[in-house]
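Following: one structure in structure tokens, then a few remarks.
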Amino acid sequence: MSQRGVEPHVFVILGATGDLTRRKLLPALYHLRDQGILETRNILIVGAALPEMGEEGFQLRAFEALQQAGWQNETELRAWCEECLFYQTLHEGQPQDYEALAQYIRRLERIHKMPENRVFYLALPSERVSTTMERLDQAGLLKSHGWVRVVFEKPFGHDLDSARGLNTTLHQYIDESQIYRIDHYLGKETVQNLLAFRFANPIFESLWNRERIENIQITVAEDLGMEHRGAYYQQAGAFRDMVQNHLTQLMTVIAMEVPVSFDAAAIQSEKLKVLHSIVPITQQDVVFGQYKAWQIGDQTILGYREEQGVPKDSNTETYVALKAEIHNWRWKGVPFYLRTGKRFPRKLTQIVVTFREAPTQVFRSLDPGSIPPNKLLITLQPNEGFSLCFSVKSPGRPFQLSEHALQFDYGKAFGQLPEAYETLLRDVMIGDQTLFVSAEFTETAWRLYAPLLAGEKMIHFYTAGCWGPSEADALLEKNGHRWALGW
Ligand code: BG6
């Protein structure tokens, strides 16, 4: 990963009045400035969107967004907004508007004596990407005497064909080294720390294989339901929304071999090898679920089919559990269980590495099953950290074992951790692609999952507020495993 500094540039947000800009991008940009990572003189932020509101309107919106995000230093906030934020109205697909945007950007670059370094952040639905790229190109914005980088949000395609189509379109205008496909999970501090944890600590590396590990589980549980995103979710479902991207990224980071160096190409190539080594996943290895209503006292939590924007007979999954097998020298015989869903009892993102049981009969007088295997719990949210669980003797008689853990709490050790978007935006600005998704990775992931998404899905219902359908427990029981949870 690069230690370069940020060069002066114009940062253009297309879709600047959307939710992502308000909740994530502007707070991340301001926080980078607040920490001294992003000097005001090195960035001009140009918002572009449909509403006619001029620079002042955009600055006011941004000011309010930053206040909502928790900053209260009014004078400084206003000064930053006035100094750094600019705005241009852009009607979707209108060539003359892109021409006006180009002139506006060039004028700003002249006035502020900026080199022609440009980031275009497409905070737009993916169906608008093609036209937007074409228009940016026609307006001459994708060629410059400096560098041009373009950032794309997920979903990156809907299936293999659409992802391929999108990549082909992008490659008509820019090359892969200019493309930053965001998976915000890769920006999370704990995910990056997985690389440090695995490759800087030989004691773990020596255990990281099929000789020592029984199974690996990745859980991304959310307590929330649709939150007004029913219409989007109806098209996506949990598989496309979470598994194809976030969970798959986590799995490849956990399973990859040691890269030859810590740079983008080396890391991405190792992750890709993991994907290529996964054997085809069959329908028997997947459980799709959907939450139904939950009545608790006089409170009702709506079922998915009652959510706004969701048809009453929807067959979209809000839950997925699956088993993947990586057939390589390190992992053959170690199942990777992935699960994610909405309306779980609580928010939890956790990787559980369960080690093999002790090959000894020394404690055979104890109840069978009373010696839990060693586990390593890697918690990404909330309370980022690691717990290494082991058995100790409980004091006194009779002889009994109990499970305890050595714990490392990331927040306690380092205080507040950077937001994923801060890390990722900074990496775009310095041109480091390590934490971004390559064209080949997205296409390979779609190729792997496409057969599971074709055709009708068998949906199993679970009550909102529980850990998913019982069929997902059965998926593990077939191999003598159970979902492990928390510490
Ligand atoms: C997004 C999904 O990519 O990730 C959302 O579209 C999901 O549905 C979110 O809620 C989860 O992200 P995090 O960082 O809160 O785990």
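Below, the figures for the structure above:
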{"item": "Exceeding the 30 Å Cα-Cα cut-off - candidates K24/K113; K271/K292; K154/K342; K292/K478; K412/K478", "result": "K271/K292; K412/K478"}
{"item": "Amide hydrogen neighbours beyond the local backbone of I278, cut-off 5 Å, H modeled", "result": "H327"}
{"item": "D223/S402 FRET efficiency (R0 22 Å; Cβ-Cβ; nearest 0.05)", "result": "0.15"}
{"item": "Reduced Cα scattering model of the stretch 195-237, Debye log10 I(q)/I(0), q = 0.28 Å⁻¹", "result": "-1.07"}
{"item": "Mean projection area, nm², convex hull over Cα of the chain", "result": "26.1 nm²"}
{"item": "Over the chain: helical MRE at 222 nm, DSSP H runs n ≥ 4 each giving -39500 (n - 2.57), nearest 500", "result": "-10000 deg cm²/dmol"}
{"item": "C-alpha long axis of helix 264-276 to longest principal axis of the chain, angle in °", "result": "50 degrees"}
{"item": "C-alpha long axis of helix 129-138 to longest principal axis of the chain, angle in °", "result": "30 degrees"}
{"item": "Within the chain: Cβ-based charge dipole about Cα centre, in debye rounded to nearest 20 (Lys, Arg +1; Asp, Glu -1)", "result": "1200 debye"}
{"item": "Size of the stretch 275-401 as Cα extents on the principal axes (Å, biggest first)", "result": "58, 46, 29"}
{"item": "Relative packing of 331-341, 16-26, 124-134, which averages over residues the other C-beta atoms within 10 Å, highest first", "result": "331-341, 16-26, 124-134"}
{"item": "Average accessible area per residue (Å²) across the stretch 132-270 - probe 1.4 Å, nucleic acids and ligands excluded", "result": "37 Å²"}
{"item": "Heavy-atom accessible surface of the stretch 373-427: percent carbon and sulfur, 1.4 Å", "result": "54 percent"}
{"item": "For the stretch 350-487: accessible area per residue (Å², 1.4 Å)", "result": "52 Å²"}
{"item": "Bins of 5 Å, starting at 0 and running to the largest distance - Cα pair percent for the stretch 395-487", "result": "2, 8, 8, 9, 11, 15, 16, 16, 8, 3, 3, 2, 0"}
{"item": "Acute angle (nearest 10 degrees) that the helix 74-84 long axis makes with the longest principal axis of the chain, alpha-carbon atoms", "result": "60 degrees"}
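The values are calculated or read from the model by the stated rules, or taken from the named source; none is laboratory data. Keep in mind it's a predicted model, so treat the numbers as computed, not measured. Glycine also receives a Cβ, built like all others from the backbone with ideal geometry; neighbour counts cover every protein chain displayed. Keep in mind that these areas ignore ligands, DNA and RNA; they rest on the heavy atoms of the full protein, side chains included. Shrake-Rupley method; radii C 1.70, N 1.55, O 1.52, S 1.80 Å.
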